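One structure coming up, written as structure tokens, with questions to follow.
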Amino acid sequence: MLGLVDYHMHSILSDGKQTYEEMIKKAIEIGLEEVGFSDHVCLKTVEWAVSPIDIPVMTEQILELREKFQDQITVRYGIEMDYFPGKEKEIQEIISQLPLDYVIGSVHFIGDWNFDTDKSLYGKWSNDELYHMYYELIQQAVKSGLFDTIGHLDIIKKFRVYPENDQSQLIEDTLKVIKQNGLVVELNTGGLDRPCAELTPSPEIVEQCYFHHIPMTISSDAHSTAQLARHYETALNLMKKIGFEEIVTFENRTRKMTHI
Ligand SMILES: [Zn+2]
Ligand SMILES: [Zn+2]
């Protein structure tokens with residue numbers, strides 16, 4: 001596992017089960033070279049995100065631990081920020097106040113509906129319509145210029161909700177927007193443990209990312225120490241088989257490539 005990174009991890013400050021320090025110690029134990037925290041920050045009040053009062057605590061703790069463990073592991077400071085159309089200014093205000101290494105932009109809401117925790121509205125639209133609404137939001141998030149990475153790109157499939165008709169053009173258009181705007185796509189291994197039981201994004205989309213020269217990073221979306229770097233072998237084998245030789249790391253919102 002030497003040389004690898006995990007760029008998507010949650011702590012008790014959002015919906016994770018362990019502290020930053022516990023996560024770091026485990027990451028050192030399993031041989032990760034670099035980790036990035038990405039607790040949820042959300043403009044809406046939800047129980048799974050860091051409460052506004054804890055945001056300075058998050059910063060203080062991560063910066064302190066970065067120094068404490070600097071000889072053993074590189075610790076990066078990221079957040080997983082929810083995108084809401086029309087709220088770009090408010091989102092930017094939060095981001096600009098934090099000394100972040102990277103920002104993951106994620107879409108967990110369609111309108112007010114938190115589709116990845118609340119199953120109640122599935123069926124209200126056709127799945128094709130749902131996919132269009134979701135990827136339209138992803139494209140808006142990408143174009144907003146707020147984010148460095150797009151989180152779990154095809155998470156709309158989480159509960160095994162698949163389009164009625166082939167949506168490869170929609171995905172293709174979305175990837176072009178991602179490329180044009182210079183964003184990174186994370187290969188999130190957490191999807192393998194969700195109902196969809198598949199990497200997010202799917203192997204087909206990873207291949208399309210390679211085709212479009214979209215750089216990728218790798219992450220586990222760990223909500224506990226046990227989930228750190230989960231399914232990395234599967235993810236790395238896939239990336240290498242497709243042709244990827246490098247992944248992206250971030251420092252102070254600047255990108256660097258690292259060999260895999
Ligand atoms: Zn997420
Ligand atoms: Zn997450």
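We did not get these values from a lab; they are worked out from the coordinates using the rules stated. Not measured: the values here are computed from a predicted model. Counting neighbours? That spans all protein chains shown, and the Cβs are built from the backbone with ideal geometry, glycine included.
For n ≥ 4 DSSP H runs only, could you compute -39500 (n - 2.57) per run for the chain, divide by its residues and tell me the 222 nm figure to the nearest 500?
It comes out at -10000 deg cm²/dmol, rounded to the nearest 500.
Packing-wise, with mean Cβ within 10 Å as the measure, how do 159-166, 63-70, 186-193 rank, highest first?
Result, highest mean first: 186-193, 63-70, 159-166.
While we're looking at this one, here's another question. Looking at the chain, what % of its DSSP beta bridges pair antiparallel, to the nearest 5?
25 percent
Mind telling me which of SER144, SER106, SER11 comes out most flexible in a GNM of the chain, alpha-carbon contacts under 10 Å?
Taking springs between Cα atoms under 10 Å, the residue moving most is SER144.
Given LYS17/LYS158; LYS68/LYS89; LYS89/LYS157; LYS179/LYS241, which pairs have Cα atoms separated by over 26 Å?
Going by Cα-Cα distance, LYS68/LYS89; LYS89/LYS157 fall outside the 26 Å limit.
Pull up the cross-link candidates among the aspartates and glutamates for LYS87, meaning alpha carbon to alpha carbon under 19 Å and not fewer than 8 places away within one chain.
In chain and number order, the partners are ASP112, GLU136, ASP148.
Follow-up question, since we're still on this one. If you take the beta carbon distance between ASP128 and GLU90 as r and set R0 to 45 Å, what does 1/(1 + (r/R0)^6) give as a FRET efficiency, to the nearest 0.05?
For R0 = 45 Å, the calculated efficiency reads 0.90.
Taking the Cα centre of segment 1-92 as origin and charging only Cβ (+1 Lys, Arg; -1 Asp, Glu), how large is the dipole, in debye to the nearest 20?
I would put it at about 120 debye.
Another question, then. Putting +1 on Lys and Arg Cβ atoms and -1 on Asp and Glu Cβ atoms, find which of LEU43, LEU228, VAL57 reaches farthest to the positive end of the dipole of the chain.
Of the candidates, LEU228 comes out farthest on the positive side.
Points 7 angstrom from Cα along the Cβ direction at ALA197 and SER144: gap in nanometres?
Placing both labels 7 Å along Cα→Cβ, they lie 3.4 nm apart.
Additional query: Can you list the HN-Hα couplings for segment 245-253, worked out from phi with the Karplus curve (6.51, -1.76, 1.60; θ = phi - 60°), rounded to whole Hz and with x for Gly and Pro?
10, 9, 10, 8, 10, 10, 9, 6, 6
Report Rg (one decimal) and Dmax (nearest whole number) for the chain, counting Cα atoms only, units Å.
17.1, 53
Using a Förster radius of 22 Å, what is the FRET efficiency between GLU22 and ASN237 based on their Cβ-Cβ separation? Nearest 0.05, please.
0.15
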